[in-house]
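> Take a look at the following structure, please.
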Amino acid sequence: MNEMLLQVNHLQTNFYTENGVVKAVNDVSFAIREGETVCIVGESGCGKSITALSLMQLIPENGKVEGGEITFAGKNLLKLNKKDVRRLRGNEIGMIFQEPMTSLNPVFTIGEQMIEPIQEHLLLSKKDAYKKAMELITMLGIPNAEKIVNLYPHELSGGMLQRIMIAIALSCNPKLIIADEPTTALDVTIQAQILDLLREIKKEFNTSILLITHDLGVVAEMADYVVVMYAGKVVEEGPVLELFKNPQHPYTKGLLKAKPVIGERKERLYTIAGQVPNLVELQEACYFADRCEHAMDICRIKQPVLNEISKGQKAACWLYEDGEK
Amino acid sequence: METHSPIVKKQKTMVVVKSPSLWKQTYRRLKKNKLAIISLFFLLFMFLLSFIGPHFSPYILDRTNVADMNQPPSAAHWLGTDNYGRDVLTRLMMAGQISLTIGIAAMFLSVIIGSLLGAISGFYRGAVDMIIMRIADILMSIPGLPLLLILAAILSEWKVPAEYRLYIIMIMLSFVGWPGLARLVRGQILSLKEQPFMQATEVLGLSDRRKILHHLIPNTVPLLLVVATLNVAGSILSESALSFLGLGVVPPTPSWGNMMDAANNFMDFRKRPWLWIPPGTAIFLTVVSINLLGDGLRDALDPKMRR
Amino acid sequence: MKQYVLQRFLQMIIILFGTSFIIFFLFAMLPGDYIDSNINLTPQRAHELKALYGLDQPVLHRYFTWLGNALHGDFGYSLKHQEKVLSLLNKYVWNSFFVAIFALLLTWSIALVTGVISAIKQYSWFDGLVTFFVFAAMSFPSFFISLLFIKWFGVDLKILPIGGMIDTGSNSTGIAHLLEVGKHMILPVIILTLLSIGSLTRYFRTGMLEVIRQDYIRTARAKGLKERVVIFKHALKNAILPAITLLAFELPGLFSGAIIMEQIFNWPGVGRIQLESVSFRDYPVLMAFTMFLSCLTIIGNFLADVTYAAVDPRIRLK
């Protein structure tokens, strides 16, 4: 078993809006081991992106981490002072975002933006930093590295920009890469290339990856371990094969059923009835109760907790109280 | 089908969230902006003071009383008297009527001319658009005050009788104000035209007039509201500048601007600040309130700005 | 990009001519002129003078005569001052220019710093104070604040002169002269700065706020860069870029003279000349000057467009 790299315990991140308090990340816990790829999957608005941003303390202005601890390499990230957090970012933890086209500063060249973390964290000279940047670009399969470093972001395609983002995230040999929906904004073919790239990086450098996505296909390809989130809470988690073979939570089951399979013909695509609840007016109940086929009375009055069901799989559902069905 | 019954069952328990209309939301947000509300109340106060205030004053505006000349503020005359013995406070209130009326009237004229021309320009494009926008550009390329001076010169040549002078000033101010508005409205129309609801009006075969007046212009109202409010502030400042220079409202008609002309006289400036500080303060406070209100409106109408 | 510049340049020339014609026409509509305002002339003499000055020709004819002369640098004759318009304006325009340019430097430096800090510390007490100040500055009638300042600093406190460019009856030269003018310039420069600082601060603040919310700022932070670098390198450059075009728009203001301020401070600048020419119907001066200002505005527009295209890499490299 690999060493534990990142441990998130009871993370709580709230947003303070003019309509009320939104509990975007509501008592979320999970762990990532060295060299492991953990996928957080869920629909839009379930809190998966905010979870990732909370790790790096990059949440938008009206949000705040209100509780929990995040242990990384022996340190509680939430208790670090600003300088230490900054030292971690881009250095031991790298991050890539969803929209490569807007994630790079339009008025600086690719090269100028790539050498920044290298100069800051690895303390290389400008010349050496440029050399390293070009090495990274070539390693990621982009030709003409010398030309690329002098181009501006708007001169590159989305796929190339995302590779550059990965290069930047990799530049200081991080232990963990957080990828927030890295392929959502890209074409399917480019998506495949980027995912291949990430897999190779993991193999070569033994980097852990925290991959945020709403696409179960991506999960199937990339994940070692899966965390399913709904309305700010973790509803199920487990090793990828077991989760896909034996989903426990009704929501996970619904997600898997909803994904169309090539070769299968159906008159009607399966959908999970209902809508995600309004995160401002959450009641003390299972948040999924309104949409659940198996909803019981207890589901509407009390929140289920995550229980271990079987070999590493956990689910938060009243169907499995006491670990039994 | 296994999915049918749950859907039908669930519909009864689904909560329908009704989102309030644009105006209600705007009003709610505006209420939270304390500065804007204070400004609104202050403006109401100024209006009442100017239009109703004089009725409570024991002094008749134009009656000169040489014996009371140049008195500093006292119990009888809260803001003192001017060099004709007239009560300054009463004059201030009467002047308020003039300045506020001119400001608002100029704004209306600018808005009407500007939005119509801007809408026509943006809607029909082509030669009409080019001509109107060229004229607007040219007018905008001549700086404000010099342009007003030229217009004032032209109008003084035509020896306009005193009663009509006020209307002429309103027209002058709107002449300078409409190009900016036309440009704004045109821009809005251009982007609105591409929206699906305009395609719908096309499919329905509505007339151009209906499309412009009933569909396009009403959608520009939020923007227009903000711009119009700020326009009043600008008009009041311009009118007072002109009157101060003697090219706007001329005595004996009082305006806040020409009341400050007293400051041009050396003695009055040094020794009788009650003559020129009140009108200046009145202009300042009124304009600040209008600006704060306009800004509050802008924030209330577009919360995404979060400025 | 070269094509864009050429296109805009040609456009500019056309607009310049169009504007000159419209302004000329506007002035031609004036029923009276300098000759008419002189009531001491007999009708016959008036007629003679008019013929002499070419004031009795049809408008179009007069326009082209004027245009021809203008292209040779002859902008006519000031009827009041009895000298060529160009030399008259040249005598006074520099007095206005120096006040304007100092005010410009002050305004931009203060507005930039204040706007940026205000945006970084949004909703703080500093931001609130700045917002209050911005609104006050934008709402003050220029003549009112000028008068107030003269009263406080000139009359009550007696630390600054109350008007004019030099002390009355002074004939100082060299450094002493410069110092004297400098002392007299303090209030006008401060007033002009106060008047334009409001909207500019607002502009920088808004621009900075927008930029700070962008994805690439988040990326910069995610790279572990110092906050100082994130703000002053990444954010600032994007916020300032559009402001470069604003600089070009300041061009006409540098030469237009602050009409009201010069009136109140008795400053011998072109603003005063404009006022005078209105009162005395000295239309050649007024027209030439209006034309001058319009041209500056149009040229300023052109420069603004071109510099922006040159500085923004997204447009430059198209």
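> Which one is nearest to the other protein chains (Cβ to nearest Cβ), of the residues in region A:50-109 that are in a strand (DSSP E or B) and of a type in the set (Gly, Ala, Ser)? Can you show your working first?
Our first condition is that a residue be in a strand (DSSP E or B); within region A:50-109, this holds for A:63-72, A:75-76, A:89, A:93-96.
This time we only want the ones that are of a type in the set (Gly, Ala, Ser), so: A:63, A:67-68, A:94.
Numbers: A:GLY63: 13, A:GLY67: 23, A:GLY68: 21, A:GLY94: 8 Å.
Among those residues, the one meeting the criterion is A:GLY94.
> Where residues in region C:231-258 are more than 23 Å from C:SER294 (Cβ to Cβ) and hydrophobic (A, V, I, L, M, F, W, C), which of them is surrounded by the most Cβ atoms within 10 Å (Cβ to Cβ)?
From region C:231-258, those more than 23 Å from C:SER294 (Cβ to Cβ) are C:231-243; that's our starting set.
Pick out the ones that are also hydrophobic (A, V, I, L, M, F, W, C) and you get C:231-232, C:235-236, C:239-241, C:243.
On the way: C:ILE231: 21, C:PHE232: 13, C:ALA235: 26, C:LEU236: 17, C:ALA239: 24, C:ILE240: 18, C:LEU241: 19, C:ALA243: 17.
So the residue we want is C:ALA235.
> Is there any pair linking a residue in region C:268-290 that is within 11 Å of another protein chain (Cβ to nearest Cβ) to one that is surrounded by fewer than 23 Cβ atoms within 10 Å (Cβ to Cβ) and of a type in the set (Gly, Ala, Ser), with Cβ under 6 Å and at least six apart or on different chains, and which?
Qualifying pairs under 6 Å: C:VAL278/B:ALA153; C:ARG281/C:SER37.
> Of the residues that make up region C:124-138, is at least one outside any helix (DSSP H, G or I) and surrounded by 16 or more Cβ atoms within 10 Å (Cβ to Cβ)?
Initially, region C:124-138 is screened for residues outside any helix (DSSP H, G or I), giving C:124.
From what's left, surrounded by 16 or more Cβ atoms within 10 Å (Cβ to Cβ): none.
Within region C:124-138, not a single residue is outside any helix (DSSP H, G or I) and surrounded by 16 or more Cβ atoms within 10 Å (Cβ to Cβ).
> Find all pairs meeting these conditions: Cβ atoms under 6 angstrom apart; at least six residues apart or on different chains; first residue within region C:153-182 and in contact (Cβ under 8 Å) with a residue 12 or more places away in the chain; second residue of a type in the set (Val, Ile, Thr).
Pairs found: C:PHE153/C:ILE159; C:GLY154/C:ILE162; C:LEU160/C:ILE186; C:ILE162/C:ILE150; C:MET165/C:VAL181; C:GLU180/C:ILE166.
> Here is a follow-up. Is region A:247-254 home to any residue that is in contact with a Pro (Cβ under 6 Å, 6 or more places away or on another chain) and among the charged types (D, E, K, R)?
Let us first name the residues in region A:247-254 that are in contact with a Pro (Cβ under 6 Å, 6 or more places away or on another chain), namely A:253.
Filter once more, keeping what is among the charged types (D, E, K, R): A:253.
Yes.
> Looking at B:GLY122, B:GLY205, which is the one that is away from every other protein chain (no Cβ under 14 Å), on the phi > 0 side of the Ramachandran plot and at pLDDT below 90?
Details: B:GLY122 fails: on the phi > 0 side of the Ramachandran plot.
Just a single option satisfies the conditions, and that option is B:GLY205.
> Counting only residues that are in contact (Cβ under 8 Å) with a residue 24 or more places away in the chain, among the acidic types (Asp, Glu) and surrounded by fewer than 23 Cβ atoms within 10 Å (Cβ to Cβ), give me the helices (runs of 4 or more DSSP H) lying completely in region A:139-234 with at least 1 of them.
Details: elements: A:145-148, A:158-170, A:188-205, A:216-222.
Here the list reads A:216-222.
> May I pose another question? Could you please find all residues in region C:92-112 being surrounded by 18 or more Cβ atoms within 10 Å (Cβ to Cβ) and small (Gly, Ala, Ser)?
C:SER96, C:ALA100, C:ALA103, C:ALA111
> Kindly provide the set of residues from region B:102-150 that are of a type in the set (A, V, I, L, M, F, W, C), under 30 Å from B:LEU245 (Cα atoms) and more than 18 Å from the chain's Cα centre (by Cα), ordered by number. Don't jump to the end; show me each part of the working.
To start, the set of residues in region B:102-150 that are of a type in the set (A, V, I, L, M, F, W, C) comprises B:102, B:104-109, B:111-113, B:116-117, B:119-120, B:123, B:127-128, B:130-133, B:135-136, B:138-140, B:142, B:145, B:147-150.
Remaining after also requiring under 30 Å from B:LEU245 (Cα atoms): B:102, B:104-109, B:111-113, B:135-136, B:138-140, B:142, B:145, B:147-150.
Selection gives B:ILE135, B:ALA136, B:ILE138, B:LEU139, B:MET140, B:ILE142, B:LEU147, B:LEU149, B:ILE150.
> Let me ask something additional. Just name the residue that is farthest from A:ASN19 (Cα to Cα) out of those in region A:274-294 that are buried (at least 19 other Cβ atoms within 10 Å of the Cβ) and over 23 Å from the mean Cα position of the chain (by Cα).
The first filter runs over region A:274-294 and keeps only residues buried (at least 19 other Cβ atoms within 10 Å of the Cβ), leaving A:277, A:279, A:286-292.
Subset that is over 23 Å from the mean Cα position of the chain (by Cα): A:286, A:289-292.
Values: A:CYS286: 22, A:ALA289: 24, A:ASP290: 22, A:ARG291: 24, A:CYS292: 27 Å.
Looking at residues that are buried (at least 19 other Cβ atoms within 10 Å of the Cβ) and over 23 Å from the mean Cα position of the chain (by Cα), I get A:CYS292.
> Against the condition in a helix (DSSP H, G or I) and within 13 Å of another protein chain (Cβ to nearest Cβ), how does B:MET198 come out, does it pass? Walk me through how you get there before you give the answer.
On the way: in a helix (DSSP H, G or I): yes; within 13 Å of another protein chain (Cβ to nearest Cβ): no.
No: the conditions fail for B:MET198.
> While we're looking at this one, here's another question. Considering region B:225-236 alone, what residues qualify as being surrounded by fewer than 24 Cβ atoms within 10 Å (Cβ to Cβ) and under 13 Å from C:MET138 (Cβ atoms)?
B:LEU230, B:ALA233, B:GLY234
> Next question. Kindly indicate whether any position in region C:183-202 is more than 14 Å from chain A (Cβ to nearest Cβ), under 30 Å from A:MET101 (Cβ atoms) and crowded, with 18+ Cβ neighbours inside 10 Å. Write out each step before concluding.
Residues of region C:183-202 that are more than 14 Å from chain A (Cβ to nearest Cβ), as a first pass: C:183-202.
Still in the running and under 30 Å from A:MET101 (Cβ atoms): C:202.
Going one step further and asking which of them are crowded, with 18+ Cβ neighbours inside 10 Å, we end up with C:202.
The answer is yes; a qualifying residue exists.
> While we're on this one: Go through the residues of region C:161-169 one by one and say whether even a single one is in contact with an Asp or Glu (Cβ under 8 Å, 6 or more places away or on another chain) and aliphatic (A, V, I, L, M). Break it down stepwise before answering.
Here is the first cut: in region C:161-169, the residues in contact with an Asp or Glu (Cβ under 8 Å, 6 or more places away or on another chain) are C:161, C:166-167.
Those still in the list that are aliphatic (A, V, I, L, M) too: C:166.
Within region C:161-169, one or more residues are in contact with an Asp or Glu (Cβ under 8 Å, 6 or more places away or on another chain) and aliphatic (A, V, I, L, M).
> Would you check if C:ARG228 is within 14 Å of chain A (Cβ to nearest Cβ) and either crowded, with 22+ Cβ neighbours inside 10 Å or more than 30 Å from B:ALA152 (Cβ to Cβ) (or both)?
Working: within 14 Å of chain A (Cβ to nearest Cβ): yes; either crowded, with 22+ Cβ neighbours inside 10 Å or more than 30 Å from B:ALA152 (Cβ to Cβ) (or both): yes.
Yes.
The values are calculated or read from the model by the stated rules, or taken from the named source; none is laboratory data. Everything numeric in this text was worked out from a predicted model, so none of it was measured. FYI the Cβ positions are ideal-geometry reconstructions off the backbone, even for glycines, and counts take in every protein chain you see.
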